Amino acid sequence: MAFFISCLSIYLIGLLELWIAIPLGFALKINPFITAFFASIGAISSCIIIILIGVPIRNKFYKTKIFKKKFENKYFQKVWNEFGIFGLGLIAPIFTGVHIGTAIALFLGCSARNTIFYMSIGTIIWTIILTVLTSLGISIVKQ
């Protein structure tokens, strides 16, 4: 029962912040692979929840006059055109969180499918990196 509660805790914290869920798993002495799995599933779940809530809201606001005017920040538009959802998917899980990155992608007009795909890829990459770094840090401290 304690193992189930630990995994549930990692998942729920992963819904909020990936970089907190992984050290929590290590603190609870859960296997690193299990920790990475539940933390990443939690983060990806937050992306899906934001998509389910955000797409209808985005579609409703796109019909208003506010969003009919083209986005005019030329620097931001240049960066978005160059890196797009791929770049956002890679940096959002660690810098803004998956949920905020997903909201940004929706605001910028990305499709739900692409947003989930690239946020998942970024989440998996950062989960692996953070799990390895946390594991290495713990092994260095133990020596």
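The values are calculated or read from the model by the stated rules, or taken from the named source; none is laboratory data. Small disclaimer: the values here were computed from a predicted structure and weren't measured. So basically every Cβ, Gly included, is an ideal-geometry build from the backbone, and we count neighbours across all protein chains shown.
Annotations for the structure displayed:
- Residue list for the stretch 42-66, restricted to those being surrounded by fewer than 19 Cβ atoms within 10 Å (Cβ to Cβ) and β-branched (Val, Ile, Thr): ILE48, ILE49, ILE53, VAL55, ILE57, THR64, ILE66
- Checking each residue in the stretch 26-49 for being closer than 27 Å to ILE104 by Cβ and not polar (S, T, N, Q) picks out ALA36, PHE37, PHE38, ALA39, ILE41, GLY42, ALA43, ILE44, CYS47, ILE48, ILE49.
- Of all the criteria given as (1) under 17 Å from THR131 (Cα atoms); (2) in contact with a Ser or Thr (Cβ under 7 Å, 6 or more places away or on another chain); (3) touching a residue at least 40 places away in the same chain (Cβ under 8 Å), the one not satisfied by ILE10 is (3).
- Of the residues making up the stretch 82-112, those that are crowded, with 18+ Cβ neighbours inside 10 Å and in a helix (DSSP H, G or I) number 15.
- Residue pairs meeting the criteria (Cβ under 7 Å; at least 6 apart or on separate chains; first small (Gly, Ala, Ser), in the stretch 103-130; second at pLDDT below 95 and loosely packed, with under 15 Cβ neighbours inside 10 Å): ALA112/VAL55
- Taking the numbered list (1) farther than 17 Å from VAL55 by Cα; (2) among the aromatic types (Phe, Trp, Tyr); (3) at pLDDT below 90 in turn, TRP126 passes all entries but (3).
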